[in-house]
Amino acid sequence: MNVPASWSAWFSAEPGRRDVAIATATLLVSIALIGGSPEDYDTGWPEVAAGVGAFGLVLLRRRWPILLLAVAAGWSSLHVAIWDRPSPMIFASLVLLATACVRLERLPAIALGVVVGLALYGHALLANDDLALGDGRAIIGLVWAAAAVGVADATRSWRRYRDSVAAQLRSAMSAAEAETRQQVTEERLAIARELHDLLAHNLSVMNVQTGAALHLLRTDPDQAEEA
């Protein structure tokens, strides 16, 4: 049994399962990023609320990705501005960014990615007073946003390729079915023509034999009976 294939089929059978898995992974990654930060942050109920909110927003990402991205970005901004520390909602913003960009064309997706990247850059500067403008810990937000847009672009291209292949396959199957129907129709017509010719020939022979029998009926009854 192919375990990875069975897991993939299990997730694909119900999109809600995939959403729960992605929301859970988003929350765990957010906790890991904040917990692994070199800064010693005092976490409390704001982080718990942001974590629960991040889980809920990512869980509903298919319905209103752009609206939920705005909510996540605003929540993150308020969290950083009020408590002066990063929010678990930041990584959820990246997941929502990727989801939104999949539904946009390339240029609008890049523009949205730039806006979110600059917002994350500003969050990093606000949450860490000792960061310089070019510090890698601040620029990492721009890198994450660019990665989210890149993943979305690859996903969009793959989906379009998949849909194109599926459309070509449907077209080929329709053409094959039409050709098969045409061949069956032509075969039936050929059989009908052969049957018509055979019946016409037999009827002609019967007509000749009947005429001969009528002609011989009085002069040669034996041959007339044979005919």
(Q) It is to be established whether one or more residues within the stretch 90-98 are among the small types (Gly, Ala, Ser) and more than 26 Å from the chain's Cα centre (by Cα). (A) no
Q) Does any residue of the stretch 92-101 turn out to be farther than 18 Å from ALA147 by Cβ and open to solvent by less than 10 Å² (accessible area, probe 1.4 Å)? A) no
Q: Take ALA148 and decide whether it is of a type in the set (Gly, Ala, Ser) and either at pLDDT below 85 or over 27 Å from PRO86 (Cβ atoms) (or both).
A: no
(Q) Of all residues being of a type in the set (A, V, I, L, M, F, W, C) and touching a Gly at 6+ places or on another chain (Cβ under 6 Å) in the stretch 102-124, which is surrounded by the most Cβ atoms within 10 Å (Cβ to Cβ)? Just the residue, please. (A) LEU120
Q) Could you list, in sequence order, the residues of the stretch 172-207 that are under 29 Å from VAL102 (Cβ atoms) and open to solvent by 70 Å² or more (accessible area, probe 1.4 Å)? A) MET173
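The values are calculated or read from the model by the stated rules, or taken from the named source; none is laboratory data. Just so we're clear, the structure is a prediction, and the values are computed from it rather than from any experiment. Cβ atoms come from the backbone with ideal geometry, glycine included; neighbour counts cover every protein chain shown. SASA here: full protein model, heavy atoms, side chains in, ligands and nucleic acids out. Shrake-Rupley method; radii C 1.70, N 1.55, O 1.52, S 1.80 Å.
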